[in-house]
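Worksheet for the structure shown next.
The values are calculated or read from the model by the stated rules, or taken from the named source; none is laboratory data. All values reported here derive from a predicted model rather than from experimental measurement. Cβ atoms come from the backbone with ideal geometry, glycine included; neighbour counts cover every protein chain shown.
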Ligand SMILES: [Zn+2]
């Protein structure tokens, strides 16, 4: 370590090896067992396989991928009713000022994201640049801003109605889920007859993508989330009515044949 005007300067390589040493050294101050019910593994720090004093490696990785220590990612089918309601709402209110501003911000996010990057280069980028590369990819894939806004509103509405809860930091889970749902719109494709797929999204890049989308779309959710939830409930009620009517119709037809 070298003394400088502002204190001590530690060369980068030394910083890295000190960090690696800290990660690999078992820490007796950590909890004895990961507190997630039914887990029973040692926390990362106690096992000398990471920094978390509380949770095991498996659950820390789960949080990196899904935004929650134990709750998984919403499947597309679970988000679908919220997304349809959001799309209907956006169609019915195209000139609401929050919506106009959000669509413009989403357009800018893609427009200023820089050139499209090669898949192999993206792998080694730091998380912030990976997030920019993701928005450049959305632009190349011509993903419309309205689709991203509908995704943001759908996930925000699903989290708001989720009776199980987010299993940790609510804001973190919501942002990661927004990013993951957006990631599904441009996770791969076909080029020259060859199908390709970008690496599974995880870690900080998801937080950066989620934050950028939330900055653009947050005011719409703040102003209109209740209306979207009411619309979703109304659509569900109509669907149930139609389903019941269909069911009765089939019953009547079967009855007519003397079954
Ligand atoms: Zn655990």
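Looking across segment 135-145 at every residue that is in a helix (DSSP H, G or I) and touching a helix residue (DSSP H, G or I) at 6+ places or on another chain (Cβ under 6 Å), the one that is farthest from residue 103 (Cα to Cα) is identified as 137.
Across segment 112-130, the number of residues qualifying as surrounded by fewer than 12 Cβ atoms within 10 Å (Cβ to Cβ) and either outside the structural domain of residue 182 (by TED's automatic domain parsing) or not in a loop (DSSP other than H, G, I, E, B) (or both) comes to 2. Checked against (1) away from the ligand (no atom under 16 Å from the Cβ); (2) under 26 Å from the mean Cα position of the chain (by Cα); (3) free of Cβ contacts under 8 Å to residues at least 12 places away in the same chain, residue 19 meets all criteria but (2). Residue 24 - would you say it is free of Cβ contacts under 8 Å to residues at least 60 places away in the same chain, more than 15 Å from the ligand (Cβ to nearest atom) and either closer than 29 Å to residue 154 by Cβ or not assigned by TED's automatic domain parsing to the domain that holds residue 170 (or both)? For residue 24, the condition - free of Cβ contacts under 8 Å to residues at least 60 places away in the same chain, more than 15 Å from the ligand (Cβ to nearest atom) and either closer than 29 Å to residue 154 by Cβ or not assigned by TED's automatic domain parsing to the domain that holds residue 170 (or both) - is met. Could you grab me the full set of residues in segment 52-82 that are within 13 Å of the ligand (Cβ to nearest atom) and closer than 30 Å to residue 239 by Cβ? Correct list: 68 only. Among the residues of segment 32-49, those that are surrounded by fewer than 19 Cβ atoms within 10 Å (Cβ to Cβ) and more than 10 Å from the ligand (Cβ to nearest atom) comprise 32, 47, 48, 49.
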